[in-house]
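Below: one structure, written as structure tokens.
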Amino acid sequence: MDAREMKIKAAAAALEHVEDGMRLGIGTGSTAEEFVRLLAEKVAGGLKVEGVPTSERTARLCVELGVPLKSLDELPELDLTIDGADEVDAALRLVKGGGGALLREKIVAAASSRMIVIADESKVVDVLGRFPLPIEINPFGQVATRIAIEKLASRLGLSGELRMRMSDDGVFTTDGGHLILDASFGRIPDAEALASALNTIPGVVEHGLFINLASLAIIAGPAGARVMGAKN
């Protein structure tokens with residue numbers, strides 16, 4: 001089973017949690033896109049849902065495939081969000097933002113009664129930090145913000161390069177007009193402490209540590225999909 005087949009397996013297992021009439025948060029990234037494709041088939045077959053996309057990229061795919069969409073202002077309370085992750089640990093702490101949509105992803109997840117993470121087994125880690133942590137920052141004062149993050153990391157015993165995310169057209173810009181610093185901290189032994197500290201820096205718009213947001217994770221491997229860390 002190749003990587004895409006595993007993503008499809010995880011997406012299909014998540015789709016079993018979708019019920020008629022649900023208000024859905026729809027994530028961003030390659031695994032979430034497989035979910036959108038499967039969801040669109042169900043919608044074509046008569047399933048009634050309304051989706052709130054977490055990025056312009058996801059919105060375009062939903063429109064193309066016929067998945068009905070609303071804005072989060074129109075549907076401010078959601079039943080379920082299904083999204084991927086760059087990393088997930090046994091406590092369902094996540095690193096997200098590899099696709100650049102972490103701010104909207106976190107807003108949508110927080111507005112949902114439940115969040116289901118879908119991923120292949122390569123995303124499961126013992127300790128977060130193997131994947132560089134995305135930190136979304138305001139363009140204004142970006143140098144001062146970078147320095148503040150570096151000092152904070154040093155106080156927490158973390159080190160590693162902070163790299164400005166680039167795109168083919170230059171500096172990468174999020175849907176909200178912000179920049180992303182990818183922090184290669186390595187192992188993050190206390191994700192809660194880092195998340196709280198990053199929230200105190202004024203220039204940090206959001207970060208990719210998703211803590212106490214996921215309800216369960218569906219992890220796909222060669223043997224099929226399994227549920228990890230289920231909680232109420």
TODO: Residues being surrounded by fewer than 24 Cβ atoms within 10 Å (Cβ to Cβ) and among the hydrophobic types (A, V, I, L, M, F, W, C): count how many of those fall in the stretch 58-99.
DONE: 12
Task: residue 119, sole failed condition from (1) assigned to a strand (DSSP E or B); (2) open to solvent by 10 Å² or more (accessible area, probe 1.4 Å); (3) not charged (D, E, K, R) - done: (2)
Open item on the list: Within the stretch 42-57, does at least one residue satisfy the condition of being part of a helix (DSSP H, G or I), open to solvent by less than 50 Å² (accessible area, probe 1.4 Å) and farther than 27 Å from residue 178 by Cβ?
Closed with: yes
Task: Odd one out for residue 126 among (1) surrounded by fewer than 23 Cβ atoms within 10 Å (Cβ to Cβ); (2) over 18 Å from residue 188 (Cα atoms); (3) without any contact (Cβ under 8 Å) to a residue 60 or more places away in the chain - done: (2)
TODO: Would you please name the residue that is nearest to residue 213 (Cα to Cα), looking only at residues in the stretch 89-105 that are aliphatic (A, V, I, L, M) and part of a loop (DSSP other than H, G, I, E, B)?
DONE: 92
Open item on the list: Consider the stretch 107-116. How many of its residues are surrounded by fewer than 22 Cβ atoms within 10 Å (Cβ to Cβ), part of a helix (DSSP H, G or I) and touching a residue at least 60 places away in the same chain (Cβ under 8 Å)?
Closed with: 1
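Have a look at 193, 225, 148 and point out the one that is under 18 Å from residue 87 (Cα atoms), assigned to a helix (DSSP H, G or I), among the hydrophobic types (A, V, I, L, M, F, W, C) and open to solvent by 20 Å² or more (accessible area, probe 1.4 Å). Talk me through it step by step, then tell me what you get.
On the way: 225 fails: assigned to a helix (DSSP H, G or I); 148 fails: under 18 Å from residue 87 (Cα atoms).
Criteria check complete, one pass: 193.
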Open item on the list: If residue 164 satisfies all but one of (1) exposed (fewer than 13 other Cβ atoms within 10 Å of the Cβ); (2) more than 18 Å from the chain's Cα centre (by Cα), what's the number of the condition it fails?
Closed with: (1)
Task: Test result for residue 214, modelled with pLDDT of 95 or more, farther than 17 Å from residue 125 by Cα and small (Gly, Ala, Ser) - done: no
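If you check 200, 173, which single one turns out to be more than 20 Å from residue 115 (Cβ to Cβ), among the polar types (S, T, N, Q), open to solvent by 70 Å² or more (accessible area, probe 1.4 Å) and under 19 Å from the mean Cα position of the chain (by Cα)? Walk me through it before giving the result.
On the way: 200 fails: under 19 Å from the mean Cα position of the chain (by Cα).
Within the list 200, 173, the selection yields 173.
The values are calculated or read from the model by the stated rules, or taken from the named source; none is laboratory data. All of these numbers come straight from a predicted model, not from anything done at the bench. Using ideal geometry, Cβ is built from the backbone for each residue, glycine included, and neighbour counts are taken over all protein chains shown. Just so you know, the surface numbers come from the protein's heavy atoms only, side chains and all, with ligands and any DNA or RNA stripped out. Shrake-Rupley method; radii C 1.70, N 1.55, O 1.52, S 1.80 Å.
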